[in-house]
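None of the figures in this text is laboratory data; all of them are computed from the coordinates on show. On a predicted model such as this, the values are computed, not experimentally measured, just so you know. Please note: Cβ atoms are built from the backbone with ideal geometry, for glycine as well, and neighbour counts cover all protein chains shown.
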Amino acid sequence: MVSFVAALRPVVHAFIDYCNIVMCGASNVHIRPLQNVLNAAARLILCKRKYDRITAAILHSLHWLPVRQRIDYKLYVFVYKCLHQGAPVYLSELCIPVASSTGQSHLRSAVKECLVISYCRTKNYGQRSFLYSGPTLWNALPLTLRDKSMSLSEFCSWLKTEMFRRGYN
């Protein structure tokens with residue numbers, strides 16, 4: 001049974017994380033089924049019954065984020081990689097710092113290392129695109145997490161702490 005449980009964890013992570021950038025900005029109607037799958041997998045891994053409360057178990061034993069925070073976490077890491085030349089060039093070009101944008105370098109957002117948020121015409125799908133959602137989420141991060149001198153592992157560690165604070169409070 002232990003080997004089955006150990007083999008199940010990566011499968012669950014792969015299923016939940018598959019194309020989660022596409023789920024960015026999706027409504028709770030679309031997120032809830034994924035959360036139910038994550039909860040069912042946690043019950044199976046932790047040998048809990050169907051109606052047992054598992055929020056605390058997911059937090060303390062498995063250290064898993066809720067699905068919405070997992071999606072945001074992946075997007076934050078993707079934007080970080082775009083800003084630090086760890087992503088493809090065509091995506092890195094979409095993350096433009098306000099300080100490097102002509103005519104906007106004198107704004108307060110330039111000092112705070114914010115990114116330019118592009119205009120989108122359609123509310124339903126335009127705001128779910130990486131061009132809009134990536135900079136919007138990045139600008140909502142605390143300034144301490146947007147520090148350019150932070151390595152990827154430091155950033156991920158601090159970000160996960162921040163996401164747990166948001167997800168379970």
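Annotations for the structure displayed:
- Computed log₁₀ I(q)/I(0) - Debye formula, equal Cα scatterers, no solvent, region 69-167, q 0.17, 0.19, 0.22, 0.25 Å⁻¹: -0.78, -0.97, -1.25, -1.47
- Net charge of Cβ neighbours under 15 Å - reference E154; Lys, Arg +1; Asp, Glu -1: +2
- A simple count of charges around Q85, restricted to other residues whose Cβ falls under 15 Å of its Cβ and scoring Lys, Arg +1 and Asp, Glu -1, yields +1.
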